[in-house]
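Right, one structure below, let's go through it.
The values are calculated or read from the model by the stated rules, or taken from the named source; none is laboratory data. This one's a predicted model, so the numbers in the text were calculated from it and none came from an experiment. Because the Cβ atoms are built from the backbone with ideal geometry, glycine has one as well, and the counts that use them run over all protein chains shown.
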Amino acid sequence: MEMSSRVVIIKDEMKLEETLEGFPSPTLQKIVLKPNLINANPPPTTTPVDVVEILAKYYWKRGYEVIIAEGSGWCETVEAFEKLGYKKLEKYAKLVDLNVDGYEIRRNPNALFLKEFEFPLTLKDSYLVSVPILKEHSITGVSLSLKNMLGATLGVKGRVAKKGRFHRKLDESIVDINTYLRPSLAVIDGRIAGLGGELSSRPKKMGLMIISDDPVAADTVAASYLGLNSLSIGHIRLAAESGLGIADLNKIKIVVR
């Protein structure tokens with residue numbers, strides 16, 4: 001059977017730069033790295049700063065404009081940047097709080113739920129890298145590269161749950177957001193996975209990273225490491241049905257390095 005997507009699994013973060021060189025170089029000058037900083041709790045609830053530093057330095061050294069962008073859902077984004085060590089990356093990248101970003105309205109009549117979307121201007125004309133941690137989620141089953149994009153949206157001021165508006169139809173919202181903002185690359189940090197929920201995760205050593213330019217395929221492979229069939233996960237199945245990527249392990253070429 002012809003393979004449709006490629007997912008690379010590395011067991012050593014030192015191979016990350018070499019692995020990135022195996023994917024096409026970004027043609028856009030602006031690189032946006034989107035970690036999962038849902039709150040200010042340490043990994044594995046949030047993305048470790050060291051993997052984002054490797055990515056920021058990699059693109060910075062090659063002359064790209066690098067931005068680290070997040071819109072935290074359960075704390076102020078600035079607090080997460082400060083407590084989790086992201087401020088030290090300002091030598092390579094600009095830190096942006098997407099909760100308060102400027103935006104333009106984009107429309108998609110074929111969207112499952114979000115027919116209109118406030119598209120953050122920071123993400124316009126960018127090569128977008130979703131950098132989540134390999135993590136379980138109490139509602140969606142997993143929180144991986146697709147679910148991570150929920151944070152790439154404007155937040156509601158004064159709300160504890162700044163992204164609560166999407167929870168009315170959460171799976172559909174995740175798919176729609178990824179239709180407006182499909183990541184160019186997914187880098188899932190599964191060195192220490194997060195189990196038992198999204199806000200305060202229990203660590204489990206897995207010792208791997210998952211990289212692909214198909215975020216659906218990346219999430220499909222990542223979900224398998226959590227013992228889950230991606231087609232049983234609503235937003236991954238809907239994303240595949242919407243043409244965002246491949247969710248069939250039989251059509252994914254997995255390369256272990």
Do you know which of the residues in the range 63-115 that are free of Cβ contacts under 8 Å to residues at least 40 places away in the same chain and basic (Lys, Arg) is nearest to GLY164 (Cα to Cα)?
LYS115
Restricting attention to the range 107-139, the residues that are of a type in the set (A, V, I, L, M), farther than 12 Å from MET149 by Cα and either in contact with a Leu (Cβ under 8 Å, 6 or more places away or on another chain) or not in a loop (DSSP other than H, G, I, E, B) (or both) number exactly 5
Out of the residues in the range 142-167 that are of a type in the set (Gly, Ala, Ser) and in contact with a Lys or Arg (Cβ under 6 Å, 6 or more places away or on another chain), which is modelled with the lowest pLDDT?
GLY155
Which pairs turn up if I take residues in the range 116-134 that are without any contact (Cβ under 8 Å) to a residue 12 or more places away in the chain and look for partners that are surrounded by fewer than 24 Cβ atoms within 10 Å (Cβ to Cβ) with beta carbon separation below 7 Å, at least 6 apart in sequence or on another chain?
GLU116/ILE105; GLU116/ARG107
Pick from the range 4-46 the residues that are crowded, with 23+ Cβ neighbours inside 10 Å and over 24 Å from LYS204 (Cα atoms): which of them is nearest to the chain's Cα centre (by Cα)?
LEU33
Within the range 14-49, take every residue that is assigned to a helix (DSSP H, G or I) and touching a Lys or Arg at 6+ places or on another chain (Cβ under 7 Å) and give me the one that is nearest to GLY85 (Cα to Cα).
LYS15
Which of the numbered conditions does LYS204 fail, given that it passes all the others? Conditions: (1) charged (D, E, K, R); (2) touching a Gly at 6+ places or on another chain (Cβ under 7 Å); (3) closer than 17 Å to THR45 by Cβ.
(2)
Inside the range 104-132, can you point out the residues that are over 16 Å from ASN178 (Cβ atoms), touching a helix residue (DSSP H, G or I) at 6+ places or on another chain (Cβ under 9 Å) and of a type outside the set (Asp, Glu)?
THR122
Output for the range 196-224, where each listed residue is under 17 Å from the mean Cα position of the chain (by Cα), at pLDDT 95 or above and hydrophobic (A, V, I, L, M, F, W, C):
LEU208, MET209, ILE210, ILE211, VAL216, ALA217, ALA218, VAL221, ALA222, ALA223
Tell me whether the range 109-123 contains one or more residues that are of a type outside the set (A, V, I, L, M, F, W, C), surrounded by 17 or more Cβ atoms within 10 Å (Cβ to Cβ) and modelled with pLDDT of 95 or more.
yes
Picked from the range 1-31 (must be among the hydroxyl-bearing types (Ser, Thr, Tyr) and modelled with pLDDT of 95 or more), the residue nearest to THR47 (Cα to Cα) is THR19
Taking the conditions exactly as written (assigned to a loop (DSSP other than H, G, I, E, B), more than 27 Å from MET14 (Cβ to Cβ), hydrophobic (A, V, I, L, M, F, W, C) and touching a Pro at 6+ places or on another chain (Cβ under 7 Å)), does LEU199 satisfy them or not?
no
In the range 222-242, anything assigned to a loop (DSSP other than H, G, I, E, B), without any contact (Cβ under 8 Å) to a residue 40 or more places away in the chain and either polar (S, T, N, Q) or surrounded by 17 or more Cβ atoms within 10 Å (Cβ to Cβ) (or both) is listed as ASN229
I'd like the full set of residues that are assigned to a strand (DSSP E or B), buried (at least 24 other Cβ atoms within 10 Å of the Cβ) and either over 11 Å from the mean Cα position of the chain (by Cα) or modelled with pLDDT under 95 (or both), limited to the range 172-192.
GLY190
